[in-house]
Amino acid sequence: MESRGGVAEADGMTDDFPILAAVAASPAHPYELLEHLQALGVHATRSTLYRRVDRLIERGYLEAEDGRGQTGHFRRLLRLTDSGRDAAGKEAAEVLRKEPLESPLFALAVAAAGVSRREDALGVLRPRLAAAARRLTEEERALREARVDSWSEAARERRIAHLQADISWLQGLLGRRFAGRGGARITRRAG
């Protein structure tokens, strides 16, 4: 399986990052992990996931607590080790830097960055926030100045609304308000 820059492609699990990131968010049993990844849109098969989990345990990135569930079935609870947390944080920073906000990998990276000991993991979002604010300013200026047909105007208004939502979401992730000094103001166009 090929990977793109060390991360998984949205159409298939091509490396271990989705597993590490999902376990970073919450320790889980492998079957729960598979359901979570599939719900996010990461296509993974049961056999691939279990093989990768075993390999991550061997490499020291995951630890497994084996036991029996209430029904007597074998259960394995997966948790990140310190080296797994470091690896997840390193990959999370790269994913947060490059992936589109709507990517399932981006959502996984946010979870991994939140528990990472790497200080730069969420810090990479600041440049993305600044770029989105600049793009929003450009789109709003172009909408005010351009004389275009109603279809083009509607398309630009949709792009502005998406940028505003992205900026708001990134602000929440960073845990601070992005207003005033050095940043674009988020405004709604009247009418």
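Each reported figure results from applying straightforward, stated rules to the coordinates on display, with no laboratory input. Because the structure is predicted, anything quoted here is derived from the model rather than measured. Cβ sites come from the backbone with ideal geometry, for glycine too, and all protein chains shown count toward neighbours.
Plugging the Kirkwood radius over Cα pairs into Stokes-Einstein for the range 17-120, at a temperature of 25 °C and a viscosity of 0.890 mPa s, what D comes out in µm²/s?
Answer from the Stokes-Einstein relation: 178 µm²/s.
Quick one, can you get me the convex hull of the C-alpha atoms of the range 124-174 expressed as volume per residue in Å³?
Enclosed volume per residue, from the Cα hull, is 52 Å³.
Quick one: putting +1 on the C-beta of Lys and Arg, -1 on the C-beta of Asp and Glu, what dipole do you get for the range 17-120 around its Cα centre, in Debye to the nearest 20?
240
Using mean Cβ contacts within 10 Å as the protection proxy, how do 85-98, 128-141 order, highest first?
Descending mean neighbour count gives 85-98, 128-141.
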